[in-house]
Amino acid sequence: MKTALSVFLCILVFELTGRADPLIACSATIICMKQTVYYSYKKGIDRLIGTLLGGGIGLIFLLIKNRLLEVLPTASVVAALGIFVVIYLCNLVNKSDAIVISSIVFLAIIVGADGKSPYLYAFDRVIDTVIGIVIAVAVNRLIYPMKNDNPPHHTLQ
């Protein structure tokens, strides 16, 4: 129920604000909706880091793609190299949980930016993802939050 409400709110926000496409925001809200607010928040932070990483790498590779497209037969090489870099960097900074959203944001930028300003398009995709994350955490916090929503305690063994 909370996931469906979050998707509804994402699409509604996009309709009311005139933003173009709520797909990325809806994807982020589905990914971030967890059983507790704590885990939604934790997942949201990972997704935010992944979004910024995917957005930054996406912008760099979009600029490269726009310059090298005459040399490369298709954009597939640029996309594959970018995904490799995104996954490598997520693992390098110990954020493997952010690989999925980082890759989605990267591909949304690389594939969807035809004829648009690379900087504005990358910024918009990052904002779209942040909207989805914020909505997921807010809905999870406000709608039927679990009574025991504390972070797990670790014991030394």
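The values are calculated or read from the model by the stated rules, or taken from the named source; none is laboratory data. Just so we're clear, the structure is a prediction, and the values are computed from it rather than from any experiment. Heads up, the Cβs are rebuilt from the backbone with ideal geometry, glycines too, and the neighbour counts pull from every protein chain shown.
Surrounded by fewer than 20 Cβ atoms within 10 Å (Cβ to Cβ), among the β-branched types (Val, Ile, Thr) and closer than 25 Å to ILE11 by Cα: does that describe ILE45? Yes; evaluated as a whole, the condition is true for this residue. Given the structure, is ILE83 modelled with pLDDT of 80 or more, farther than 9 Å from PHE106 by Cα and either exposed (fewer than 13 other Cβ atoms within 10 Å of the Cβ) or of a type in the set (A, V, I, L, M, F, W, C) (or both)? Against the criterion (modelled with pLDDT of 80 or more, farther than 9 Å from PHE106 by Cα and either exposed (fewer than 13 other Cβ atoms within 10 Å of the Cβ) or of a type in the set (A, V, I, L, M, F, W, C) (or both)), ILE83 does not qualify. Only a single criterion out of (1) surrounded by fewer than 17 Cβ atoms within 10 Å (Cβ to Cβ); (2) under 16 Å from ALA138 (Cβ atoms); (3) among the aliphatic types (A, V, I, L, M); (4) under 17 Å from the mean Cα position of the chain (by Cα) is not satisfied by LEU52, namely (2).
Yes/no per residue for (1) of a type in the set (Lys, Arg); (2) out of contact with any helix residue (DSSP H, G or I) (no Cβ under 6 Å at 6 or more places or on another chain); (3) part of a helix (DSSP H, G or I):
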{"residue": "VAL100", "(1), (2), (3)": "no, yes, yes"}
{"residue": "LEU107", "(1), (2), (3)": "no, yes, yes"}
{"residue": "VAL111", "(1), (2), (3)": "no, yes, yes"}
{"residue": "ASP114", "(1), (2), (3)": "no, yes, no"}
{"residue": "PHE123", "(1), (2), (3)": "no, yes, yes"}
{"residue": "VAL130", "(1), (2), (3)": "no, yes, yes"}
{"residue": "ILE135", "(1), (2), (3)": "no, no, yes"}
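For beta carbons closer than 6 Å, sequence separation of 6+ or different chains, a first residue in segment 52-68 that is under 15 Å from PHE84 (Cβ atoms) and a second that is not in a helix (DSSP H, G or I), the qualifying pairs are LYS65/ALA75.
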